Amino acid sequence: MGGKKREEEEQNNSEYGAAVQYDATFSGPIHKRSCTDIICCVLFMLVIIGYMVVGILAWLYGDPRHVLYPRNSTGMFCGLGQNKDKPSVLYFDLLKCATATNIMAAALQGLQCPTTQVCVKSCPSQFWALSPLAYLPTAKPADYFQQEFCVPSFQLQSTTLTTMDIINKELCPYFYTPTSSVLGRCLPSLGGDAFNPSNIPANFSLPGLNTNQSVAAIINATGAGGASNDITNSFNIKDVGLRIFEDFAKSWQWIVAGLVIAMVVSVLFLLLLRFTAPVLIWILIVGVLAVGAFGIWYCYNEYMSLAGSSNTFNNVGFTVNVKVYLQVRDTWLAFLIILCIVEAVLLLALIFLRTRILIAIALIQETSKALGHMMSTLFYPIVTFVLLLVCVSYWGITALYLATSGAPVYRVVSLNASLENCNNIQANETCDPEMFNISQYPGCASARCVFINYNSEGLVQKSIFNLQIYNVVAFLWCVNFVIALGQCTLAGAFASYYWAFRKPADIPTFPLSQSFIRALRYHVGSLAFGALILTLVQLVRIILEYLDHKFKAAQNPCARFLMCCLKCCFWCLEKFIKFINRNAYIMIAVYGKNFCVSAKNAFSLLMRNIIRVVVLDKVTDLLLFFGKLLVVGGVGVLAFFFFSGGIPNTGTTFQTAALNYYWMPIITVVFGAYLIAHGFFSVYNMGVDTLFLCFLEDLERNDGSAEKPYFMSKNLMKILNKKNKQPKTGS
């Protein structure tokens, strides 16, 4: 008893502040409160308004079609408008694209390959070259060229132009090769058997080249084995996407069933912790000790088995082959000593911290009981998920529209300037493709009004980088605010449960809704303040990652070491701020004070009980890790056996053989099960943290007398050898 009194006196006179004093008017989350951190609230509202303005500007000036759809030479989109039935763009002469480093990269960046491009219904799937007979003076172009691949405004049947005129003016292609549509661009199918000699017609040849030379020229010009080849052949996005979509269409009912099973198992696991927590935790603790004991036994056996070995560290020297060190007897001796020390520390901690472990178990049981009385808290993560989805969607759409802002720029160019008199075309002369008239350029029959890029001269376009930075900062702040709102809301609900003297009779009606309304009405500023601090640290981490990636090749060892230290320090700082914020939001939910005061009080309270904090944190982490492993692993194994055909006679019409990729539903179920388990367990973790802070305040605020009775459960009072002098009904 004397030791407990001394501990209480030390807590009351701790360097981290005095213990919380009794307040006769306090009976749970304070309802009469005022707005906190108003300045930060106003700043956050202004940032949100600015974010909306950025979104409006992006909507007005941006056009995502620039990214989603390819363009032909006149700047018109393929797959839209009059080209609705022509989703792909065909390059007439790929040899002229050889000056570009990568056709795909150039096309996606809006840089036009210096050859005519037309929208087509489908990309060519075979070799074709203009017959030599087409060059005869009496030849009719309509008998040799293919109208579907010619410039739409040019009609072969009514033309008076010769074959050479058509080729020089690039009105129709005079050859093409097998191509595949990659993001709407007809790129060469250079893999597989496309360029197998047996598949190449004997009459396929370009002017001045034989068949083999023609094929080699095309391969060299289009970059065989390069990015376009890899994209086209190794990962056919459209084909794989359609197959995956087909698999989802066939198995979505069973995927949903798997996710429902994960949800049911998660809820049952959390609710049953009220009864199974002591057994599970002690089994896990004994299991950890057993694993350590097995490691000690194994290391001792290996050490004794090498008793006659003459290998030492001096003989082995330095090597990257780890197996060599395992043949050295001293290696196993070192492992044995380390494991013995760790095992001894764990045993001593178990002996001296057994009371605190019992407190952690009791709090976990109490959290499970609270969830049983407030089932709505388990489904609050859906609200957080929806809000986060809105933030992510708004950020992504805004970024896309900002990246595509600016009107298209068209300029007059000559496709055969070396063969014609095109001196009347001025440098950087702009044009309108709908109003362009070739008669304005006599002597230059190949003059074209060609799309070049997108205008970057406007005020909005010049500020794209700054607007994108604003988009990222506002996005991070909004995401952190949504998470903070969820934590504060849950904390208010669980605090209402703890400070109800007679449970469940004194639990307020709709505690979760009341907590949510209080957080939005009074504490937007405080939540935004905590979110802003975390956002600033995350921005520094993003900048460090960018600098590290940008200058990785140029950094010397000292600079890389310094960069690693900075990244590590800010990672630790982010984790610490998340810990402080989490507990500050709990105090805000209970007492309604501003962020700084709440963070200070929470930190002081935790530091006055640091050992209990560490024990509870580790015990809870161990239990929740086991729970996630149980849910995700169990559902994942079930999904694997079901979708791979390992569960026969299911009595359903589902056939595993009908799936193209049976692992896709499995991955979907496992990933979904993890998200579901994480969502439910995050509520549980918040409940444990909230009840723990309330428990610590209960110990400091009350003494069990009739005037100051404890609000903790009878189980906790029994563990601490405390009781209320005035009989307490309920739990």
### Query
How big is the gap, in Å, between the Cα center of the stretch 506-552 and the Cα center of the stretch 57-84?
38
### Summary
Taking 78-85, 271-278 and ranking on average Cβ neighbours within 10 Å, highest first, one gets 271-278, 78-85
### Query
For the residue pair Ile39 and Arg502, what label-to-label distance in nm results when each label sits 7 Å from Cα along the Cα-to-beta-carbon direction?
4.7
### Query
Accessible area of Val286, 1.4 Å probe, to the nearest 10 Å²?
90
### Accessible area, probe 1.4 Å, largest first, for residues Met607, Met435, Met76
Met435, Met76, Met607
## Note on the structure
Per the C-alpha gyration tensor (a ≥ b ≥ c, the square roots of its eigenvalues), the stretch 540-599 is rounded if a/c is under 1.5, else prolate if a/b beats b/c, else oblate; here it's prolate
### Summary
The answer for the net charge of residues other than Met375 whose Cβ lies under 14 angstrom from its Cβ, with Lys and Arg +1 and Asp and Glu -1, is +2
#### Entry: Residues of type lysines that Lys86 reaches as a straight line, Cα spacing below 22 Å, ignoring anything fewer than 8 places off in the same chain
Lys121, Lys238
### Task
Quick one: accessible surface of Thr331, probe radius 1.4 Å, all protein chains present, in square angstrom to the nearest 10.
10
### Message
Once neighbouring chains are kept in place and the probe is 1.4 Å, which whole percent of the accessible area of the stretch 458-616 is contributed by carbon and sulfur?
### Response
73
### Query
Hey, if we sort Trp395, Trp128 by accessible area with the 1.4 Å probe, largest down, what's the order?
Trp395, Trp128
### Message
At 1.4 Å probe size, put Arg33, Arg356 in order of accessible surface, largest to smallest.
### Response
Arg356, Arg33
### Message
What is the percent carbon and sulfur in the accessible area of the stretch 671-731, measuring with a 1.4 Å probe over the protein chains and ignoring ligands?
### Response
56
### Task
Would you kindly state how much longer the chain becomes between Ser439 and Lys578 on full extension, computed as 0.36 nm times their sequence separation minus their alpha carbon distance, in nm to one decimal?
43.2 nm
#### Entry: Packing-based ranking, highest mean first, of 541-549, 65-73 given that Cβ atoms within 10 Å are counted
65-73, 541-549
### Query
Separation between the Lys708 and Arg354 pseudo-spin-labels, each 7 Å from Cα along Cα→Cβ, expressed in nm?
3.1
#### Entry: Cross-link pairs beyond the 23 Å C-alpha cut-off, checked among Lys575/Lys718; Lys369/Lys618; Lys575/Lys628
Lys575/Lys718
### Rounded to the nearest 10 Å², the accessible area of Phe269 at probe 1.4 Å
20
### Query
Shape call for the stretch 23-88 from the C-alpha gyration tensor, a ≥ b ≥ c root eigenvalues: rounded (a/c under 1.5), prolate (a/b greater than b/c) or oblate?
prolate
### Task
Could you compute the FRET efficiency for Asp85 and Met164, with r as their C-beta to C-beta distance and R0 at 30 Å, rounded to 0.05?
0.45
### Task
Apply 1/(1 + (r/R0)^6) to the Cβ-Cβ distance of Ile283 and Ile469, taking R0 = 51 Å, and write down the FRET efficiency to the nearest 0.05.
0.50
### Message
Per 0.36 nm of contour for each residue apart, how much would the distance between Lys600 and Phe626 grow if the chain were fully extended, relative to their Cα-Cα spacing?
### Response
6.1 nm
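The values are calculated or read from the model by the stated rules, or taken from the named source; none is laboratory data. Because the structure is predicted, anything quoted here is derived from the model rather than measured. Glycine also receives a Cβ, built like all others from the backbone with ideal geometry; neighbour counts cover every protein chain displayed. Side chains included, ligands, DNA and RNA excluded: accessible areas come from the protein's heavy atoms. Shrake-Rupley method; radii C 1.70, N 1.55, O 1.52, S 1.80 Å.
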